[in-house]
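Enquirer: Before we start, here is the structure in question, set down as structure tokens.
The values are calculated or read from the model by the stated rules, or taken from the named source; none is laboratory data. None of these values were measured; they are calculated from a predicted model. Glycine also receives a Cβ, built like all others from the backbone with ideal geometry; neighbour counts cover every protein chain displayed.
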2 protein chains.
Amino acid sequence: MALVVKKFGGSSVANAERVMNVAGRITDTYKEGNSVVVVVSAQGDTTDDLIALANEINPKHSKREMDMLLSTGEQISISLLAMAIEKLGFPVISLTGWQLGMITDSNYGAARIQKIQTERIKKELDKNNIVIVAGFQGINRFGDITTLGRGGSDTSAVAIAAALHADLCEIYTDVDGVYTADPRIVPDAKKLNEITYDEMLELASLGANVLHNRSVELAKKYRVNLEVKSSFEKVPGTVVKEEIKVERMLVRGVTRDNDVARIAIMGVKDEPGIAFRIFSLLSKHKINVDIILQSIGRDNKKDISFTVSEGSADETMDIIQQNMEMIGAENVTCSKEFSKVSIVGAGMVNNPGVAAMMFEALFDVGVNIHMISTSESKISVLVKKANAEKAVRAIHNKFDFTE
Amino acid sequence: MALVVKKFGGSSVANAERVMNVAGRITDTYKEGNSVVVVVSAQGDTTDDLIALANEINPKHSKREMDMLLSTGEQISISLLAMAIEKLGFPVISLTGWQLGMITDSNYGAARIQKIQTERIKKELDKNNIVIVAGFQGINRFGDITTLGRGGSDTSAVAIAAALHADLCEIYTDVDGVYTADPRIVPDAKKLNEITYDEMLELASLGANVLHNRSVELAKKYRVNLEVKSSFEKVPGTVVKEEIKVERMLVRGVTRDNDVARIAIMGVKDEPGIAFRIFSLLSKHKINVDIILQSIGRDNKKDISFTVSEGSADETMDIIQQNMEMIGAENVTCSKEFSKVSIVGAGMVNNPGVAAMMFEALFDVGVNIHMISTSESKISVLVKKANAEKAVRAIHNKFDFTE
């Protein structure tokens, strides 16, 4: 008799057969006596198709109208999934973002959840309905439709689980859990039975595409029991939680992220305030900066380099170039030839041997390291894109992932 | 400086090029200093595609979920049209049925408008925005999405024009006005410059597919100035209004409607209350009955026959057959081999010569009449489907449509 929130991604509901399959998974849980809330994404390529429609008419559309358009994708999914559950003979109702009271700010295209008015969902659960809700979308205080941006449906699911104090939030995806590395790159990568929020956070932000880090942050904040499972196979997944058994491997996984552009600003004055000027400028334009490196000053000059996502690279270059004088730089370059390869594990910072092992693995296969960044629970290096898969395999071999 | 409501149907916004064309028509009116509210239907085949998706999963879906699904069609149109207007550089905002406060009853699939909360539209007009609204859809008092059924977008447009006290409501369609007959059947059919609400009502309910009769009823009730125009050509259309000049042709048009099934109930007792039983039974099941004929009683028995739409025929037969005893009938049959051919013109009832001319035209070309029904402003006959086009042409030739 638990309250379970289940989230299914776009590929899980891509066609009629898969929608029926998902309906079966949902009603299995309901039949066991549980209350079930289901969060669904837009079907398969629907979002891409809608974006193409918009770009054909006006590539410079407002974000407000884009959210109006995109939100139809999940509305189609929820109604079709509800119809599939009706077919199986169970009581069901679908709710859009505005109907379920998903209140967000007005940052169209990347809105943040402010609160969830749970009255409607609770009323439907009290009527013993299976409740199918649209992920990714919300409504602002002006009554306009917003979308949550990348990873939005995962975030919707975790936020709803938190608001309803659900016993479990299951994220169904096309893989059956979180692996020590991408199995397409490392065939003997192992599935993790358990992982902590912090480790999952690092993995998510370092390119493991299983869960979006916004949703993991939210799960950590509200202590939501999260499980990543396969939509297609009925096997146990990976449980994300606060603490896991102590006797376990330090390094939990290896990731690769190709969505990296390196910006190098050369020849800035070696004086206080330069870095502040650059990064406050970028933050004003809402550009997320990842690894930042600053060279040691020489002849009163230094270089500052940092990485951004490839999608932000052109805008970043424009901003820097328009402000060369204010920054006082000689030159700025952008390179998209790098990938970021990382290892993740809680408490890594206290084990210097881990970094050495990682660098040794790269040296063994002759991969040059272009940037290094470390944190409490991860070590990232920038390597040439062409070397990234080789690097992941070498590192994965170096560490022992047997639990 | 007028307030104009414009309605564009699905074929007018079927692709990017047409959406841009419609955007141009809208901004032309806005540039002249008018306030503009635009009502749009779903693009081209979108509604049919969504119905197919639903039927693939569950042909017996609930109407509530179907409305959830179908309402995405107009939501896509309004956002794309708003983006097209943004491209032309004009201020614009799109609103769904629930955003514009289109309050309906809960009769999913065929909801009736109860009121329109115009605050949001007025606020956007005050900001000088062109307001693009979704036709066909509304919201009930439980916060669930409803659709208005056939002709819903026309009805939305007229209702909004009435609520805003608009100066004009223009219905753009793929023909350039109301004709004296379907030009595909009668090549020399003439476009009418003006027509009364009552005449338009008769034409609409008799198979002229230009305007749905619900919208004309509403326009008549609230005295909305209505004009039917072409989406593609910039030519004057047909103005629908209360009174038009007196010196004009009595017969305003000839229509053909193939969506007719004739039900004949044979051998019922010739006593009071039989017709009441039958038609109150059908009205309880929300079946619309059109022409009703009752034979003269003989041997204390009579026959009652009537027409319904083809879509209602099977349900009607089921209801009658399940109640044969209560009705006291010997036999019931259903035929779908008929079409309804009608002539329309205000004040026709006072000119018996008109009916005679119509029947003569049919006699001239050897077309047999199976049922006749007359009203204040129309005469309808049931003829074999195969003869319907010949009948329309013969009648159109008989009357002089030169204005």
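Residue-wise test of (1) free of Cβ contacts under 8 Å to residues at least 24 places away in the same chain; (2) surrounded by fewer than 14 Cβ atoms within 10 Å (Cβ to Cβ); (3) under 25 Å from B:Ile139 (Cβ atoms); (4) in the same structural domain as B:Leu88 (by TED's automatic domain parsing).
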{"position": "B:Asn15", "(1), (2), (3), (4)": "no, no, no, yes"}
{"position": "B:Asp28", "(1), (2), (3), (4)": "yes, yes, no, yes"}
{"position": "B:Val36", "(1), (2), (3), (4)": "no, no, yes, yes"}
{"position": "B:Val39", "(1), (2), (3), (4)": "no, no, yes, yes"}
{"position": "B:Thr46", "(1), (2), (3), (4)": "no, no, yes, yes"}
{"position": "B:Asp49", "(1), (2), (3), (4)": "yes, yes, yes, yes"}
{"position": "B:Ala52", "(1), (2), (3), (4)": "yes, yes, no, yes"}
{"position": "B:Glu56", "(1), (2), (3), (4)": "yes, no, no, yes"}
{"position": "B:His61", "(1), (2), (3), (4)": "yes, no, yes, yes"}
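Enquirer: Another question about this same structure. Which residue, of A:Thr196, A:Thr147, A:Thr155, is within 24 Å of A:Phe401 (Cα to Cα) and among the polar types (S, T, N, Q)? Let's see the steps before the verdict.
Expert: Working: A:Thr147 fails: within 24 Å of A:Phe401 (Cα to Cα); A:Thr155 fails: within 24 Å of A:Phe401 (Cα to Cα).
Step by step, each of A:Thr196, A:Thr147, A:Thr155 is checked, and only A:Thr196 is within 24 Å of A:Phe401 (Cα to Cα) and among the polar types (S, T, N, Q).
One line per residue, one yes/no per condition, for (1) within 27 Å of A:Gly253 (Cα to Cα); (2) modelled with pLDDT of 90 or more; (3) small (Gly, Ala, Ser):
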{"position": "A:Gln321", "(1), (2), (3)": "no, yes, no"}
{"position": "A:Gly328", "(1), (2), (3)": "no, no, yes"}
{"position": "A:Asn368", "(1), (2), (3)": "yes, no, no"}
{"position": "A:Ala394", "(1), (2), (3)": "yes, yes, yes"}
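Enquirer: Quickly run through segment B:257-291 and pick out the residues that are basic (Lys, Arg) and within 20 Å of B:Asp314 (Cα to Cα). So that I can check it myself, show each step before the final result.
Expert: Kept after step one, since they are basic (Lys, Arg), are these residues of segment B:257-291: B:262, B:269, B:277, B:284, B:286.
Passing the criteria: B:Arg262, B:Arg277, B:Lys284, B:Lys286.
Enquirer: Determine which member of the set B:Lys378, B:Lys340 is within 23 Å of B:Arg184 (Cα to Cα), of a type outside the set (S, T, N, Q) and modelled with pLDDT of 90 or more.
Expert: Numbers: B:Lys378 fails: modelled with pLDDT of 90 or more.
Being within 23 Å of B:Arg184 (Cα to Cα), of a type outside the set (S, T, N, Q) and modelled with pLDDT of 90 or more holds for just one of B:Lys378, B:Lys340, which is B:Lys340.
Enquirer: Tell me yes or no: at least one residue of segment A:170-188 is part of a helix (DSSP H, G or I) and either of a type in the set (S, T, N, Q) or more than 14 Å from A:Lys241 (Cα to Cα) (or both).
Expert: Of all residues in segment A:170-188, those part of a helix (DSSP H, G or I) come to none.
Scanning segment A:170-188 turns up no residue that is part of a helix (DSSP H, G or I) and either of a type in the set (S, T, N, Q) or more than 14 Å from A:Lys241 (Cα to Cα) (or both).
Enquirer: Go through segment B:13-35 and give me each residue that's within 23 Å of B:Leu148 (Cα to Cα) and touching a Leu at 6+ places or on another chain (Cβ under 8 Å). Write out each step before concluding.
Expert: Here is the first cut: in segment B:13-35, the ones within 23 Å of B:Leu148 (Cα to Cα) are B:13-14.
Correct list: B:Val13 only.
Enquirer: Something else now. Restricting to segment A:381-403, what's the tally of residues that are of a type in the set (A, V, I, L, M, F, W, C), touching a strand residue (DSSP E or B) at 6+ places or on another chain (Cβ under 9 Å), outside any loop (DSSP other than H, G, I, E, B) and closer than 14 Å to A:Asp188 by Cβ?
Expert: Qualifying residue count, segment A:381-403: 2.
Enquirer: B:Val308 - would you say it is surrounded by 13 or more Cβ atoms within 10 Å (Cβ to Cβ), outside the structural domain of B:Ala391 (by TED's automatic domain parsing), under 30 Å from B:Lys390 (Cα atoms) and not basic (Lys, Arg)? First the steps, then the outcome.
Expert: Values: surrounded by 13 or more Cβ atoms within 10 Å (Cβ to Cβ): yes; outside the structural domain of B:Ala391 (by TED's automatic domain parsing): yes; under 30 Å from B:Lys390 (Cα atoms): yes; not basic (Lys, Arg): yes.
Spelling it out, B:Val308 is indeed surrounded by 13 or more Cβ atoms within 10 Å (Cβ to Cβ), outside the structural domain of B:Ala391 (by TED's automatic domain parsing), under 30 Å from B:Lys390 (Cα atoms) and not basic (Lys, Arg).
Enquirer: Test each condition in (1) in contact with an Asp or Glu (Cβ under 8 Å, 6 or more places away or on another chain); (2) within 30 Å of A:Leu250 (Cβ to Cβ); (3) surrounded by fewer than 19 Cβ atoms within 10 Å (Cβ to Cβ) for A:Arg184 and report the one that comes out false.
Expert: Only one criterion is unmet by A:Arg184, namely (1).
Enquirer: Please list, ordered by residue number, the helices (runs of 4 or more DSSP H) wholly in segment A:267-335 having 1 or more residues that are under 28 Å from A:Asn107 (Cα atoms).
Expert: Details: elements: A:274-284, A:310-322, A:324-327.
Correct list: A:274-284, A:310-322.
Enquirer: Of all residues in segment B:352-374, count the ones that are closer than 18 Å to B:Val308 by Cβ and either of a type in the set (Gly, Ala, Ser) or out of contact with any strand residue (DSSP E or B) (no Cβ under 9 Å at 6 or more places or on another chain) (or both). Full working, then the answer.
Expert: Start the filter on segment B:352-374 by keeping residues that are closer than 18 Å to B:Val308 by Cβ, which leaves B:370-373.
Okay, now just the ones that are also either of a type in the set (Gly, Ala, Ser) or out of contact with any strand residue (DSSP E or B) (no Cβ under 9 Å at 6 or more places or on another chain) (or both), so B:373.
So the answer is 1.
Enquirer: Determine which single condition A:Asp45 fails, assuming it passes every other condition in (1) of a type outside the set (Lys, Arg); (2) more than 20 Å from the chain's Cα centre (by Cα); (3) farther than 19 Å from A:Leu148 by Cβ.
Expert: In the conditions (1) of a type outside the set (Lys, Arg); (2) more than 20 Å from the chain's Cα centre (by Cα); (3) farther than 19 Å from A:Leu148 by Cβ, A:Asp45 misses (2) alone.
Enquirer: Something else: Going by what's in this entry, would B:Thr155 be described as within 14 Å of chain A (Cβ to nearest Cβ), surrounded by 19 or more Cβ atoms within 10 Å (Cβ to Cβ) and under 18 Å from the mean Cα position of the chain (by Cα)?
Expert: Numbers: within 14 Å of chain A (Cβ to nearest Cβ): no; surrounded by 19 or more Cβ atoms within 10 Å (Cβ to Cβ): yes; under 18 Å from the mean Cα position of the chain (by Cα): yes.
No, not satisfied.
Enquirer: For the structure I just gave you, tell me whether B:Gly143 is outside any strand (DSSP E or B) and within 20 Å of A:Ile145 (Cβ to Cβ).
Expert: Numbers: outside any strand (DSSP E or B): yes; within 20 Å of A:Ile145 (Cβ to Cβ): yes.
It is true that B:Gly143 is outside any strand (DSSP E or B) and within 20 Å of A:Ile145 (Cβ to Cβ).
Enquirer: While we're looking at this one, here's another question. For segment A:99-114: of the residues being aliphatic (A, V, I, L, M) and surrounded by fewer than 22 Cβ atoms within 10 Å (Cβ to Cβ), which is nearest to the other protein chains (Cβ to nearest Cβ)? Give the steps one after another, and end with the answer.
Expert: Let us first name the residues in segment A:99-114 that are aliphatic (A, V, I, L, M), namely A:100, A:102-103, A:110-111, A:113.
Subset that is surrounded by fewer than 22 Cβ atoms within 10 Å (Cβ to Cβ): A:103, A:110.
On the way: A:Ile103: 15, A:Ala110: 18 Å.
Here the residue is A:Ile103.
Enquirer: Based on what the data block shows, is B:Glu325 out of contact with any Asp or Glu (no Cβ under 9 Å at 6 or more places or on another chain), exposed (fewer than 13 other Cβ atoms within 10 Å of the Cβ) and of a type in the set (Asp, Glu)? Explain how you work it out, then say what you get.
Expert: Details: out of contact with any Asp or Glu (no Cβ under 9 Å at 6 or more places or on another chain): yes; exposed (fewer than 13 other Cβ atoms within 10 Å of the Cβ): yes; of a type in the set (Asp, Glu): yes.
It is true that B:Glu325 is out of contact with any Asp or Glu (no Cβ under 9 Å at 6 or more places or on another chain), exposed (fewer than 13 other Cβ atoms within 10 Å of the Cβ) and of a type in the set (Asp, Glu).
Enquirer: If B:Leu211 meets every condition in (1) of a type outside the set (S, T, N, Q); (2) more than 10 Å from the chain's Cα centre (by Cα); (3) under 15 Å from B:Val240 (Cα atoms) apart from one, which number is that one?
Expert: Looking at each condition in turn, B:Leu211 falls short on (2).
Enquirer: Output yes when any residue across segment A:347-369 is in contact with a Gly (Cβ under 9 Å, 6 or more places away or on another chain) and in a strand (DSSP E or B), and no when none is. Steps first, answer last, please.
Expert: Residues of segment A:347-369 in contact with a Gly (Cβ under 9 Å, 6 or more places away or on another chain): A:351, A:354.
Remaining after also requiring in a strand (DSSP E or B): none.
There is no residue in segment A:347-369 that is in contact with a Gly (Cβ under 9 Å, 6 or more places away or on another chain) and in a strand (DSSP E or B).
Enquirer: Separate question: Go through segment B:122-140 and count every residue that is surrounded by fewer than 18 Cβ atoms within 10 Å (Cβ to Cβ) and assigned to a loop (DSSP other than H, G, I, E, B).
Expert: 2
Enquirer: Another question, then. Would you pick out the residues in segment A:333-353 that are on the phi < 0 side of the Ramachandran plot and surrounded by fewer than 19 Cβ atoms within 10 Å (Cβ to Cβ)?
Expert: Once the filter is applied, which keeps residues that are on the phi < 0 side of the Ramachandran plot and surrounded by fewer than 19 Cβ atoms within 10 Å (Cβ to Cβ), segment A:333-353 yields A:Thr333, A:Cys334, A:Ser335, A:Lys336, A:Glu337, A:Val349, A:Asn350, A:Asn351, A:Pro352, A:Gly353.
Enquirer: If a residue must be out of contact with any Cys (no Cβ under 9 Å at 6 or more places or on another chain) and either assigned to a loop (DSSP other than H, G, I, E, B) or under 22 Å from A:Val235 (Cβ atoms) (or both), how many such residues does segment A:154-169 contain? Give the steps one after another, and end with the answer.
Expert: Applying the first criterion (out of contact with any Cys (no Cβ under 9 Å at 6 or more places or on another chain)) to segment A:154-169 yields A:154-156, A:159, A:163-169.
Now restrict to residues that are either assigned to a loop (DSSP other than H, G, I, E, B) or under 22 Å from A:Val235 (Cβ atoms) (or both): A:154, A:164-169.
The qualifying residues number 7.
Enquirer: Filter segment A:77-92 down to the residues that are surrounded by fewer than 24 Cβ atoms within 10 Å (Cβ to Cβ) and among the hydrophobic types (A, V, I, L, M, F, W, C) and list them by number. If you could, list the steps in order and put the result at the bottom.
Expert: First, the residues of segment A:77-92 that are surrounded by fewer than 24 Cβ atoms within 10 Å (Cβ to Cβ): A:86-91.
Correct list: A:Leu88, A:Phe90.
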